[in-house]
Amino acid sequence: MSQDRSGIDFLIEPGPVGRGVIDVPGDKSVSHRALLLGGIAEGETEIRGFLPGEDCLATLGAMRAMGVAVEVHSATHLTVTGVGPNGLTAPDGDLDLGNSGTAMRLMTGMLAGQRFAATLTGDASLSERPMARIIRPLTAMGARIDSRDGKPPLTVHGGGGLRPIDYPMPVASAQVKSAILLAALYADGRSSVTEPAVTRDHTERMFRTMGVELSSDAGTVSLPGPQTLTGTAVHVPGDISSAVFPMVAALIAEDADITLKGVGINPTRTGALDILAAMGAQIDVLNPRELGTEPVADLRVRSSELVGGAVDPALVSLAIDEFPALFVAAATARGKTVFSGLEELRVKESDRIATMAGGLTRLGIRVEETADGAVIHGGGFGGGEVESGGDHRVAMSFAVAGTRANAGVRVRDVAAVDTSFPGFRDVMGSIGARIALGDDGVDDR
Ligand code: S3P
């Protein structure tokens, strides 16, 4: 996969991750939502702390292609001039959403309420990701969506006249929940979505600040439609899903003490902190405060003697993007760590259970892959070459592992890191990691 992007590798020299105070880039989920919701709101939405990663830039490009003006003051500071709920216009061509599942799923929900047709495409990875999970409920609401047997490209026909829905979600997915809530803004009557486990609630929080009447109780989110959003100021917190990489690098280092500033600690996102704490991690949550509608804090992380155990499956949906990094932490822990309930990881940017198990094994760790997780036996990393599967979080996880290996590590095909963490090497370098770029010398054209 990602033939179009391969060719860049990480070359990691093992070395001491030490001290430093670092900022991590803005939250990807919040950045996408600010653009989408701001675009269909009435009035302006000013976004500070925006993540200028490729995924969010794909959303930005798509919104512009549908007539939304976005003024870029700096890479992280934007103003979106909303066109109102019915002000989007048909794009001239297909909307290319790159690697981004969030962009595709949320945009499909939004497009279901429009009066024009649009086609959403993506890269090789996105083109294999399951979309039936949104097509089914949106079709039940009256949308007409063509797909390639449940996969992208998707053509959303629009046309108006959506019906409300009362939908128990079969999978715990904030993307599915958000797609339905976006369509529900256009439906005639009250829609409800019930999730089987708690998922990130950024859409609900932003809806509320944008004036939407919405109730949320015992796993059911419900809103009457039609409703209009009003532009607002959005302060994007640091992304805990990016923070986890320097965090794990510090935890597994010999003598590290780092502080990550302004990281989002929304309780629907902090499962990794709980999982790591149960493994013995020394992470102090300092200076907790509210940044707009999202809680943030500074996280002080010190080298820790991690111990394995059974990871509580109830925490999975609260740490869904952090498992590749958690696998690396487990690989250094005393004893074995048992991960279960992770079947959703098989349909992320890569099959993350398989790509992580494969790479860890290459680095000398004993891993037993299971249908819904893995059993990881703690040990030491050897050097070697591992495949990222074109997956940003897998690539960054193996870069972290490389800092603690007993010889150099090459991680293949890492260009996708820019989808979520532009500047990853600089941030890691500032705490002592030695990660260079290499060319794999293979012509993939
Ligand atoms: C996201 C939700 C999660 C997560 C993804 C971003 C979101 O996906 O993995 O990176 O912004 O809503 P699912 O909700 O499909 O698990």
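Just checking, does region 134-148 include any residue being open to solvent by 10 Å² or more (accessible area, probe 1.4 Å) and more than 26 Å from D188 (Cα to Cα)? Within region 134-148, one or more residues are open to solvent by 10 Å² or more (accessible area, probe 1.4 Å) and more than 26 Å from D188 (Cα to Cα).
The set of residues in region 61-114 being farther than 26 Å from P137 by Cα and acidic (D, E) consists of E71, D92.
Of the residues A314, A331, A354, the single one that is within 14 Å of V394 (Cβ to Cβ) and surrounded by fewer than 24 Cβ atoms within 10 Å (Cβ to Cβ) is A354.
When region 97-117 is limited to residues that are buried (at least 24 other Cβ atoms within 10 Å of the Cβ) and away from the ligand (no atom under 16 Å from the Cβ), the one that is nearest to the chain's Cα centre (by Cα) turns out to be L111.
Could you please give the count of residues in region 149-174 that are within 29 Å of P313 (Cβ to Cβ) and open to solvent by 50 Å² or more (accessible area, probe 1.4 Å)? Spell out the reasoning first.
Kept after step one, since they are within 29 Å of P313 (Cβ to Cβ), are these residues of region 149-174: 150-151, 165-174.
Now narrow it down to the ones that are open to solvent by 50 Å² or more (accessible area, probe 1.4 Å): 151, 166, 168, 170.
The number of residues fulfilling the criteria is 4.
In the list D351, D372, D321, D298, which residue meets the criterion of being touching a Leu at 6+ places or on another chain (Cβ under 7 Å) and within 16 Å of the ligand (Cβ to nearest atom)? Lay out the reasoning, then the answer.
Numbers: D351 fails: touching a Leu at 6+ places or on another chain (Cβ under 7 Å); D321 fails: touching a Leu at 6+ places or on another chain (Cβ under 7 Å); D298 fails: within 16 Å of the ligand (Cβ to nearest atom).
Within the list D351, D372, D321, D298, the selection yields D372.
All of (1) among the acidic types (D, E); (2) away from the ligand (no atom under 16 Å from the Cβ); (3) modelled with pLDDT of 95 or more hold for D4 with one exception: (3).
The values are calculated or read from the model by the stated rules, or taken from the named source; none is laboratory data. Note that the coordinates shown come from a computational prediction; the quantities given were computed from them, not determined experimentally. Glycine gets a Cβ as well: all are built from the backbone with ideal geometry, and neighbour counts include every protein chain shown. Please note that ligands, DNA and RNA were not included when accessible areas were found on the heavy atoms of the full protein model with its side chains. Shrake-Rupley method; radii C 1.70, N 1.55, O 1.52, S 1.80 Å.
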